[in-house]
Amino acid sequence: MPELKSYSVWDIPTRLFHWINAVCVLALVAVGYLILHGSDLEIPRTGTLQLKTIHVLVGYVFVVSLLVRIVWTFVGNRYARWGAILPGGRGYFASLRSSIKAVLSRESQQYLGHNPLGRLSITAMFVLLMLLATNGLVLAGTDLFYPPFGHSIAKWVAAPGVAPGSLMPNSPDMYDKASFDSMRSLRKPFILTHVYGFYTLLVVVALHIAGVVITEVRERSNIISATFTGRKIILGEPVDERQSGR
């Protein structure tokens, strides 16, 4: 008879990143929605400016958390590293086919790390998060003249005789009109990418959450609680332990 075993899987930095990142993304989504639909919600310009400031400050926390997690993919435990996150590697596609077949046949396949489908989901989120973070830093400079690009943008658009460091958002009298219009044109692809990336992330996150809940219910596993405790309780031998020969 297979027996229940407890395994240490998610180390502390990985768990901290997961939840800091989750809270930041939820906050950024909520504030971003208000910014996007500010006119429909009749939010005044000063209110929109405050929302953008909050969005950027939360974004800084998010970017730091994301950078720490990227570093940790090189130095963390085996389940935190790129090899356990990115799709590919020896036997991955065979495992992916087996995983899809198991889902369709409602067969239980328990993994300690991310299963093959989960690795696709995590990779998609990583790519989107890095894209949104990069775009967000550029937009923070164009909208609020915030670091790391804000000073360069301020020097670009400041009217003659106006100190770049004194520039304020929504203050057209302080801007050189031609330079400001050029900056806004350069900004357009970044804002479009940010908006469409935002909606794509919502879909990917929703699919990720649905996959976690369905897997937890179907396999009666503890995927969610393991993100708090770091330990997974598995009945029998996990697939990835068997594949690694450990």
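The values are calculated or read from the model by the stated rules, or taken from the named source; none is laboratory data. Only a predicted model underlies this, so the values are computations on that prediction, with no experimental measurement involved. We place every Cβ from the backbone using ideal geometry, glycine too, and count neighbours over all the protein chains shown.
Do we have S95 as within 19 Å of V9 (Cβ to Cβ) and among the polar types (S, T, N, Q) here?
Numbers: within 19 Å of V9 (Cβ to Cβ): yes; among the polar types (S, T, N, Q): yes.
So S95 fits the description; yes.
Any residue in the stretch 188-211 that's touching a residue at least 60 places away in the same chain (Cβ under 8 Å): show its pairings with residues that are surrounded by 13 or more Cβ atoms within 10 Å (Cβ to Cβ) and among the aromatic types (F, W, Y) at Cβ separation under 7 Å, as long as the two are six or more apart or on different chains.
none
Evaluate the following for L104: is it of a type in the set (A, V, I, L, M), under 24 Å from G197 (Cα atoms) and free of Cβ contacts under 8 Å to residues at least 12 places away in the same chain? Show your work before the answer.
Numbers: of a type in the set (A, V, I, L, M): yes; under 24 Å from G197 (Cα atoms): no; free of Cβ contacts under 8 Å to residues at least 12 places away in the same chain: yes.
Judged against the criteria, L104 is not a match.
Every residue, every condition in (1) surrounded by fewer than 16 Cβ atoms within 10 Å (Cβ to Cβ); (2) of a type in the set (D, E); (3) out of contact with any strand residue (DSSP E or B) (no Cβ under 6 Å at 6 or more places or on another chain), yes or no:
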{"site": "G197", "(1), (2), (3)": "no, no, yes"}
{"site": "L202", "(1), (2), (3)": "yes, no, yes"}
{"site": "L207", "(1), (2), (3)": "yes, no, yes"}
{"site": "T215", "(1), (2), (3)": "no, no, yes"}
{"site": "R218", "(1), (2), (3)": "yes, no, yes"}
{"site": "S225", "(1), (2), (3)": "yes, no, yes"}
{"site": "F228", "(1), (2), (3)": "yes, no, yes"}
{"site": "L235", "(1), (2), (3)": "yes, no, no"}
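For the stretch 71-97, give me each residue that is among the small types (G, A, S) and touching a residue at least 12 places away in the same chain (Cβ under 8 Å).
Taking the stretch 71-97 first, the residues among the small types (G, A, S) are 76, 80, 83-84, 88-89, 91, 94-95.
Hits for the stretch 71-97 are G76, A80, A84, G91, S95.
Name the helices (runs of 4 or more DSSP H) wholly within the stretch 86-166 that hold at least 2 residues that are farther than 30 Å from G211 by Cβ and within 21 Å of the chain's Cα centre (by Cα)?
On the way: elements: 92-104, 116-144, 150-157.
In the stretch 86-166, the matching helices (runs of 4 or more DSSP H) lie at 116-144.
What is the one condition in (1) modelled with pLDDT of 95 or more; (2) more than 23 Å from M130 (Cβ to Cβ); (3) among the hydroxyl-bearing types (S, T, Y) that S95 does not satisfy?
So S95 meets the others, but not (1).
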